[in-house]
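Written out below as structure tokens is the structure these notes cover.
Values in this text are rule-based calculations from the coordinates and carry no lab data. It should be emphasised that the depicted structure is a prediction, and the values quoted were computed from it without experimental measurement. Every residue, glycine among them, receives a Cβ derived from its backbone with ideal geometry; neighbour counts consider all protein chains shown.
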Amino acid sequence: MSDAAGIKPEVSSDDVIIIPYNNLEAAKADPGRPTRELACVIVEPILGSVGFVPARAGVSHRLREEARRLGLVFILGRSAELRG
């Protein structure tokens, strides 16, 4: 996470896992990742920090399904609170 541009320095990699936007494969649960320590999945429907990049068709829906399968809260909205 340290190379994630714009993330507040007080947000540590222990708090947040950053997944590349529109990359569903990267977002799938990694067997080595302790999902029991995750609380939620936050997805921006439109990436506005680099212009206007909408989510690819079906990505938000499939992420919601994966969050439900893992018992996580799914939040579709802005994640600007992580940025300085």
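Please give me the summed charge of the neighbours of Val41: other residues whose Cβ is under 10 Å from its Cβ, Lys and Arg +1, Asp and Glu -1.
Neighbourhood net charge equals +1.
Suppose the chain between Leu47 and Asp15 were pulled fully straight at 0.36 nm per residue; how much longer would it get relative to their current alpha carbon spacing?
Once the chain is fully extended between Leu47 and Asp15, it gains 9.4 nm.
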